[in-house]
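I have placed the structure first, in the form of structure tokens, so that the comments after it can refer back to it.
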Amino acid sequence: MTRRPPITNKVRQLREAHGNMSQSALADAIGVTRQTVIAIEQGRYSPSLESAFRISRIFGVGVEDVFGWEG
């Protein structure tokens, strides 16, 4: 049985709330691949701290408004 990491995120909801930004557009803005954005949204990958800050700045919110910890 695989356990999901305790880090949650609202990346998809924020993309949708900001004019339905595409995964590709977000990936370009933070300097990663679209596949990385998909993995972050699905909770299969936790972004680097730098990427987390970039994501939060793009949406104009704090890091804790994007990412949460269920520990």
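Just so it is clear, none of the values below were taken in a lab; they were calculated from the coordinates. All of these numbers come straight from a predicted model, not from anything done at the bench.
Numerical summary
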| read-out | value |
| --- | --- |
| Given (i) 51, 16, 12; (ii) 36, 23, 21; (iii) 31, 30, 23, the label whose value is Cα extents along the principal axes in Å derived from this model | (ii) |
| Length added when fully stretched, Thr8-Val61, from 0.36 nm per residue minus Cα-Cα | 17.5 nm |
